[in-house]
Ligand SMILES: Cc1ncc(COP(=O)(O)O)c(C=O)c1O
């Protein structure tokens, strides 16, 4: 279904759940000639850059930087702490836990996967059963995806830490915060997370291409026991480099570093707690609009309970495979690109709203207005007053 008058000209809005909208300041910071990688500014900026990255993850421990996407960061983290034949536990609330678990299998780990389906958070009782049965502590790590971007489920990492502590289970708690860092509250040290994996293209507002692995002393002790770690993934030289190139095991991601520097400046100028509060407030407006539309019977939020929803991505489902048509309408007719229904059996019916990173109130209202316009064009039944309800939330 097309509009008689296409309205896609003008500034486009990419509202997918990563890569996210890049601030103009980040783009401008990257628009420069190649810097010297042997001397000068780039080298001098590294200590403050790693310090400010750690402030976002709320850790005083270490961060290793990789020229990699999130998959690379997954493999980097695993390669430092998982020896072939060791067991990992992977409680899955979507496709990304399964992806990380497959990567663990790829480096020779044995994976215990507990699948909670495509819309539910972890059931800690079921995780507890598996950990209790592991009397010899063969499970060396739990792969905990904080926010699964495919489903928009947000899992309770502190509760998992408490469970491990209550059971005196020594497994490393490894968190994937690729979709949550710089969006949802995350406190690596206070929550007792041993390894945190993230990437730069979502809450960190930088073009895809850098992955980060934060790790504490417990994880480093496991690293020290490893029979071997591939030289490229080894985090040790990266956190204590004698020479600049060791930060990256080769040429630095020069322009990404300038972009990241600016993104971190934006985050810390706003304040990380304010960044979380902004994401939460915007998410509440989005949920309110979606819940209002849902009253019409055609639209459903994938995660029923607000307490388990990400504040950076919202997965939605429409009857009769209308998700793809809705996305096509917003993209071609309005210049608004929404996320696909990743990993869902009825993926054609599903779509996702990305609201991570450089997002403000008027962008959220525009995105919701685009969805409402598409629903109107496609004659999708919906509850009325969704935009008004979202505006009231934002105003409050
Ligand atoms: C939660 C989560 N983990 C891992 C990944 C994989 O990251 P990448 O696509 O950068 O390899 C993604 C990507 O969207 C993600 O959302």
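No value in this document is a laboratory result; all are computed from the given coordinates. As the structure is a computational prediction, the values presented were derived from the model and not from experiment. With ideal geometry, Cβ positions are generated from the backbone for all residues, glycine too; neighbour counts draw on all protein chains shown.
Odds and ends about this structure:
- Residue within the stretch 3-18 that is within 29 Å of the chain's Cα centre (by Cα) and either within 21 Å of residue 254 (Cβ to Cβ) or assigned to a helix (DSSP H, G or I) (or both) present: no
- Any chance residue 206 is over 16 Å from residue 41 (Cα atoms) and under 23 Å from the mean Cα position of the chain (by Cα): yes
- Looking across the stretch 34-78, just one residue is crowded, with 18+ Cβ neighbours inside 10 Å, assigned to a loop (DSSP other than H, G, I, E, B) and within 16 Å of the ligand (Cβ to nearest atom), and that is 68.
One line per residue, one yes/no per condition, for (1) surrounded by fewer than 21 Cβ atoms within 10 Å (Cβ to Cβ); (2) more than 16 Å from the chain's Cα centre (by Cα); (3) in a loop (DSSP other than H, G, I, E, B):
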{"site": "190", "(1), (2), (3)": "yes, yes, yes"}
{"site": "223", "(1), (2), (3)": "yes, yes, no"}
{"site": "241", "(1), (2), (3)": "yes, yes, yes"}
{"site": "251", "(1), (2), (3)": "yes, yes, yes"}
{"site": "258", "(1), (2), (3)": "no, yes, no"}
{"site": "269", "(1), (2), (3)": "yes, yes, no"}
